[in-house]
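Asks: Before I ask anything, let me first share the structure, which is written out below as structure tokens.
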Amino acid sequence: MSEMNREQSRALQTRAEGLFPGGVNSPVRGFRSVGGEPPFVARAEGAYLFDADGNRYIDYFGSWGPMILGHAFPAAVEAIELAARHSASFGASTAAEGDLAELVMACYPAIERMRFVSSGTEATMSAIRLARAATGRKLILKFEGCYHGHSDGLLVKAGSGVATLGIPGSAGVPEEIAQLTLALPYNDLAVVETAFAEHPDEIACIILEPVVGNAGCIAPADGYLQGLRRITAENGALLIVDEVMTGFRLALGGALELYGVDADLVTLGKIIGGGLPCGAFGGKRQFMELLAPLGPVYQAGTLSGNPLAMAAGLATVGYLQTNAISIYPRLDAVSKAVAEGVAAEAARAGVPITLNRVGSMWTWFFTGSPVENYDDAAKSDTAAFGRFHRAMLDAGVWLPPSQFEAMFLGTAHGSAEVEATLAAARGAFATL
Ligand code: KE4
């Protein structure tokens, strides 16, 4: 039983369950994989969330990535307030879209043309449609444990056998659609070569998380991303690098910059909108100019390039770009202190943990074995993670409510938050 008073949150959860399935507007928020009662957030500032009962928590999911500058970052708040005074949306072109696009393209040389959308799901769905049009091919190839939003063709599990076509990963996805998706193990180039050999001239694209966050954090093996670039080029398929989570997170130019790899199409989200609904996809001009109104590929959106999202994105990405030389090393250092400090507390308590970290995204897997793909991650003791999550929450540390998610921190996290987190972990491991 939590020692924290969460009466208001409990009452709000009861009401929410009479309004939304599971009481939530996105499944992971329901805490079903970790147990316990989800606090309802009333406000947030810097590195902290404050719930409806006034409890304070150090935030390690940051709205699942966007809040890299901390909550209520003054420049972003002011930009949104100012934009809102001129109306929230026009449904017409604005200068702000070009201003943000120029910033994005300065960070992503792979992007020669782009288009804003309102979510990461829209970005990846649109990029795949573009890849199919550009190649005239139907099959797509993704990796187990990678999540790219909830469009039908991407909610697919691996079929039996390595290079067989997928099976639906969700009710409501017709087999006919799942059959157009290959789902392969991550970090294995041989199975990708086999898939292309078994489906010659049929695979339109590979889409992947360049650093996986949605199985928990899993880094690409040395040469893996370069290998995928080679294989797609050799086989006339497009490489779609899904940087919705890693974009502007791992470096100003995301994983493409960090690992020095090129892509045909790139998808972005989360940080690009500074916490407002925004996604984007872009890439080589020859592909992007297939999009309507220039070309035959239809894609559209009422709120695409929304002026408030552009304002928040400009304030956020602009600040990151201006201060990148100090921000990214600091995010790495503070993340290292937290991630390795907690792992050391686990070792002292005799709790088997595998830490995977890339910059300011990491995961403590509750397993003693290495985690290099989804199958490895799935061996984690999720019940133990659930106990850890609940104990940390009661100690005022709010971790992402799933073993299969990445933790994030932002520029508002510092030594005080590190010390408080390590103290909370010491206490939590003692109770596991
Ligand atoms: P959205 O449609 O949720 O904006 O983006 C989908 C998406 C696409 N690509 C990657 C790599 C992503 O991580 C996501 C969304 N990430 C999850 C967190 N693991 C969103 C949180 C949620 O679903 O509530």
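Asks: Go over the candidates G91, G70 one by one and state the one that is open to solvent by less than 10 Å² (accessible area, probe 1.4 Å), on the phi > 0 side of the Ramachandran plot and not hydrophobic (A, V, I, L, M, F, W, C).
Replies: When all the criteria are applied, what remains is G70.
Residue-by-condition table, conditions (1) away from the ligand (no atom under 16 Å from the Cβ); (2) over 12 Å from A315 (Cβ atoms):
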residue: S63; (1), (2): no, yes
residue: H71; (1), (2): yes, yes
residue: A79; (1), (2): yes, no
residue: L82; (1), (2): yes, no
residue: H86; (1), (2): yes, yes
residue: A95; (1), (2): yes, yes
residue: I111; (1), (2): yes, yes
residue: F116; (1), (2): no, yes
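Asks: Is it the case that segment 34-41 has a residue that's over 27 Å from H148 (Cα atoms) and open to solvent by 40 Å² or more (accessible area, probe 1.4 Å)?
Replies: Going residue by residue through segment 34-41, those that are over 27 Å from H148 (Cα atoms) are 36-37.
Applying the additional criterion that residues be open to solvent by 40 Å² or more (accessible area, probe 1.4 Å) yields 36-37.
Yes, some residue in segment 34-41 is over 27 Å from H148 (Cα atoms) and open to solvent by 40 Å² or more (accessible area, probe 1.4 Å).
Asks: Pairs, please: C-beta under 8 Å, at least 6 apart or cross-chain, first residue charged (D, E, K, R) and in segment 392-406, second open to solvent by 10 Å² or more (accessible area, probe 1.4 Å) and within 15 Å of the ligand (Cβ to nearest atom)?
Replies: E405/V28; E405/F61; E405/W64; E405/N214
Asks: Got a sec? Which of L82, L12, L19 is in contact with a Phe, Trp or Tyr (Cβ under 8 Å, 6 or more places away or on another chain) and modelled with pLDDT of 95 or more?
Replies: L12
Asks: Scanning for something over 19 Å from Y319 (Cβ atoms) and within 16 Å of the ligand (Cβ to nearest atom), does segment 43-54 turn up at least one residue?
Replies: yes
Asks: While we're on this one: Consider segment 188-213. How many of its residues are open to solvent by less than 40 Å² (accessible area, probe 1.4 Å) and either touching a helix residue (DSSP H, G or I) at 6+ places or on another chain (Cβ under 7 Å) or within 15 Å of the ligand (Cβ to nearest atom) (or both)? Give the derivation first.
Replies: So the first thing to find is which residues in segment 188-213 are open to solvent by less than 40 Å² (accessible area, probe 1.4 Å), and the list is 191-192, 195-196, 199, 203-213.
Now drop any that are not either touching a helix residue (DSSP H, G or I) at 6+ places or on another chain (Cβ under 7 Å) or within 15 Å of the ligand (Cβ to nearest atom) (or both), which leaves 192, 196, 203-213.
Total satisfying the criteria: 13.
Asks: With the requirement that a residue be more than 20 Å from D188 (Cβ to Cβ), open to solvent by less than 40 Å² (accessible area, probe 1.4 Å) and of a type in the set (A, V, I, L, M), what does segment 354-377 give you?
Replies: The one that is more than 20 Å from D188 (Cβ to Cβ), open to solvent by less than 40 Å² (accessible area, probe 1.4 Å) and of a type in the set (A, V, I, L, M): M361.
Asks: From the list A171, A219, A178, exactly one residue is more than 27 Å from A101 (Cβ to Cβ) and open to solvent by 50 Å² or more (accessible area, probe 1.4 Å). Which is it?
Replies: Going through A171, A219, A178 in turn, just one is more than 27 Å from A101 (Cβ to Cβ) and open to solvent by 50 Å² or more (accessible area, probe 1.4 Å): A171.
Every residue, every condition in (1) open to solvent by less than 50 Å² (accessible area, probe 1.4 Å); (2) in the same structural domain as C278 (by TED's automatic domain parsing), yes or no:
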position	(1), (2)
G18	no, no
V24	yes, no
R29	no, no
E45	no, no
A52	yes, no
R56	no, no
F61	yes, no
P66	yes, no
I80	yes, yes
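Asks: Taking the condition of being in contact with a Leu (Cβ under 9 Å, 6 or more places away or on another chain) and in contact (Cβ under 8 Å) with a residue 40 or more places away in the chain, how many residues in segment 231-240 meet it?
Replies: Residues flagged as in contact with a Leu (Cβ under 9 Å, 6 or more places away or on another chain) and in contact (Cβ under 8 Å) with a residue 40 or more places away in the chain within segment 231-240 amount to 4.
The values are calculated or read from the model by the stated rules, or taken from the named source; none is laboratory data. None of the values given here were measured: they were computed from a predicted structure. Because the Cβ atoms are built from the backbone with ideal geometry, glycine has one as well, and the counts that use them run over all protein chains shown. In case anyone asks, the SASA skips ligands and DNA or RNA and just uses the protein heavy atoms, side chains included. Shrake-Rupley method; radii C 1.70, N 1.55, O 1.52, S 1.80 Å.
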